[in-house]
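Undergrad: My questions will all concern the structure given below.
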Amino acid sequence: MQEWLKISCLLCVFGFIREIRPSEPYVTEYLLGPWRNITETQLTHDVYPVGTYSYLVQLVFVFLITDFLRYKPLIITVGATGVIIWSMLIWTTSLLSLQILEFFYGTYMAAEVAYYTYIYAKVDKKYYPRVTSHTRAAMFAGKLVSGVTSQLMINLELMNYKELNYITLATQIIAMIWAFGLPSVDKSLYFHREPLPEGDPQTQLPGADNLEVEVSQESPQKQPHALGLLWLHFCNAYTNSRVIQWSLLYAIGLTGYLQVTYYVQVLWKVIEPEPQIAWNGAVDAVLTALAALAALAAGYLHTGRLRPRTSLVILAILSAVEGGCVLICCWTKDIYWSYAGFVLFGALYGFTITVASAEVARNLQEESFGLVFGVNTFVALVFQSLLTMIFVTETGFELDAVGQYTAYAFYFIAVGVLYLISVLVECLMFRDTESEKLENSLD
């Protein structure tokens, strides 16, 4: 087996095992069940928001630490925090313990950046498209197995909601142990760079004053040079109007997706307080499968077939449709219609986020992918925290579940309308510019 493929397989096994968390589709059912003394209001307003804020605060630090520590320690941290989280879910009962658990959940999610960027430091650039698809597919496969497993366990009455946590805890322990076996990384993008050969085109970045040459010739582990290179890549990316336009769409879409998926189990509990059988696991499995197919379809349809402006129009329309799906989720009194709306929403998101990612990447220097997507995710988390403060917590409107999802639905619809208007304005400006050029040429 070739070395790059071996490393890819090792990482994919970690990603697959980590995603097998059959307790997640039923975490709200478990927390509001007889095992804990907590109300729906406490869960929505005092527990879940802690995870949102924790994820936001830790993401920036984790991004820098990941590069400095060269990825592997952070991947081990992902497994270790998973063990802590599900141990606390099983063996603690207080409200405070849940809030502490949510802090670790923020670490668990933030450190995921190491999983996605590790492979780029270990394999040659020509294999990037393949290893990217491998790592994404592994996580989709794990999530699919997780959803099917949880639903079977519940339907066959082999386990209750609490006992599902034992499976999740076991997979997190296995993932942590597996992470220790991953090959170490000798270099990273910013803090542990390889010296560039003389004449390398990367040493002549416009406006860089040969900063990268300085970084490679001086001690690469000195923090000022690493931060200088970070700033250079940041400026090169975000002075491109196309990168800003698509990054904003990426961040806004991710914000809405995180918020909708984070509280949907609470919404379902409101619609169907005492379900005979909760189909959350099956819904998760179907959504994962459709999202994966939608992402593949987006990659096939988008590559070389759609112009950026056409892509923007399509995503604006789909954003409005996503809002309609969320309205179906919250305005119905039939839980199965709510399930259907959520599944369709997830499939559309899989398509739109893939197209947005491709458009961002199309306008980037190759080495700044991780930085830009890290920044975009951070912006999304800032937006998510604002939505949480405005609609969920007592500092804002403190809406009930139906009110929250109505707000999220119109959030998506408003985004779609605004982007459609921006495309129309851009087209009119382009037409006026072309007309002016034609008149000048005739003169």
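Undergrad: For the chain, what is the accessible area per residue in Å², given a 1.4 Å probe and the full set of protein chains?
TA: Values: 20570 Å² over 443 residues.
That works out to 46 Å² per residue.
Undergrad: If you don't mind, there's one more thing I want to ask. Percent of accessible area on the chain owned by carbon and sulfur, 1.4 Å probe?
TA: 66 percent
Undergrad: Given the -39500 (n - 2.57) contribution per DSSP H run of 4+ residues, what per-residue ellipticity at 222 nm results for the chain, rounded to the nearest 500 deg cm²/dmol?
TA: -25500 deg cm²/dmol
Undergrad: Between the DSSP loop rule and a limit of at most 15 other Cβ atoms within 10 Å, which chymotrypsin sites (Phe, Trp or Tyr not before Pro) in the range 364-405 are left?
TA: Those satisfying the criteria are F397.
Undergrad: Using protein chains only and a probe of 1.4 angstrom, how many square angstrom of R21 are accessible, to the nearest 10?
TA: 20 Å²
Undergrad: Rounded, prolate or oblate: which fits the range 329-407 when a ≥ b ≥ c are the square roots of the eigenvalues of the alpha-carbon gyration tensor, with rounded for a/c under 1.5 and prolate only if a/b beats b/c?
TA: Oblate shape, in that a/c is at least 1.5 and b/c is the bigger or equal ratio.
Undergrad: Which net charge results for the neighbourhood of D284, defined as the other residues with beta-carbon distances under 14 angstrom from its beta-carbon, given Lys and Arg at +1 and Asp and Glu at -1?
TA: Neighbourhood net charge equals -1.
Undergrad: What ranking of I154, I317 comes out by heavy-atom accessible area, probe 1.4 Å, highest first?
TA: I317, I154
Undergrad: Would you list the P(r) distribution for the range 1-146, with all Cα-Cα distances sorted into 10 Å bins from 0 and each bin expressed as a whole %?
TA: Binned Cα distances yield the sequence 11, 36, 32, 15, 5, 0.
Undergrad: Right, here's the next one. What FRET efficiency would be calculated for the residue pair C9, A358, taking the C-beta separation as r and a Förster radius of 30 Å, to the nearest 0.05? Working shown, then result.
TA: Details: r = 25 Å, r/R0 = 0.84.
That gives a FRET efficiency of 0.75.
Undergrad: Lysine pairs in the chain 8 or more apart or on different chains: how many have alpha carbons under 24 angstrom apart?
TA: 21
Undergrad: Taking the Cα centre of the chain as the origin, how large is its charge dipole in debye, to the nearest 20, when only Lys and Arg (+1) and Asp and Glu (-1) carry charge on their Cβ atoms?
TA: Values: 25 positive and 37 negative charges, 187 e Å.
With only Lys, Arg, Asp and Glu charged at Cβ, the dipole is about 900 debye.
Undergrad: Placing one identical point scatterer on every Cα of the range 54-105 and ignoring solvent, what is log10 I(q)/I(0) from the Debye formula at q = 0.22, 0.30 Å⁻¹?
TA: Debye output, listed in q order: -0.83, -1.10.
Undergrad: What do you reckon, how do C235, C329 stack up by accessible area (1.4 Å probe), largest on top?
TA: Values: C235 40, C329 0 Å².
Heavy-atom accessible area, descending, gives C235, C329.
Undergrad: If you put +1 on each Lys and Arg Cβ and -1 on each Asp and Glu Cβ, how big is the dipole of the range 1-154 around its Cα centre, in Debye rounded to 20?
TA: So the dipole magnitude of the range 1-154 works out to roughly 700 debye.
Undergrad: When a/c is below 1.5 the answer is rounded, else prolate if a/b is larger than b/c, else oblate, so apply that to the range 88-152 with a ≥ b ≥ c taken from the square roots of the Cα gyration tensor eigenvalues.
TA: Here the range 88-152 falls in the oblate category.
Undergrad: Ok, one more. Starting from the Kirkwood Rh over alpha-carbon pairs, what translational D in µm² s⁻¹ does the range 235-351 have by Stokes-Einstein at 37 °C and 0.692 mPa s?
TA: D, rounded to a whole number, is 210 µm²/s.
Undergrad: What distance in nm lies between label points placed 7 Å from Cα along the C-beta direction at R130 and E163?
TA: Label-label distance for R130 and E163, simple model: 4.4 nm.
Undergrad: Calculate, in nm to one decimal, what Y262 and A170 gain on full extension: separation in residues at 0.36 nm each, minus their alpha carbon distance. Numbers along the way, then the final one.
TA: Values: separation 92, 0.36 × 92 = 33.12 nm, distance 2.33 nm.
Between Y262 and A170, full extension yields an extra 30.8 nm.
Undergrad: Here's a follow-up. Would you kindly state the longest site-free stretch of the chain, with sites defined as GluC sites (Glu not before Pro) in a DSSP loop (not H, G, I, E, B) surrounded by at most 12 other Cβ atoms within 10 Å?
TA: 219-393
The values are calculated or read from the model by the stated rules, or taken from the named source; none is laboratory data. Because the structure is a prediction, the values reported are computed rather than measured. Every residue, glycine as well, gets a Cβ built from its backbone with ideal geometry; the counts of neighbours run over all protein chains shown. Just the protein is used for accessible areas: all its heavy atoms, side chains included, with ligands, DNA and RNA removed. Shrake-Rupley method; radii C 1.70, N 1.55, O 1.52, S 1.80 Å.
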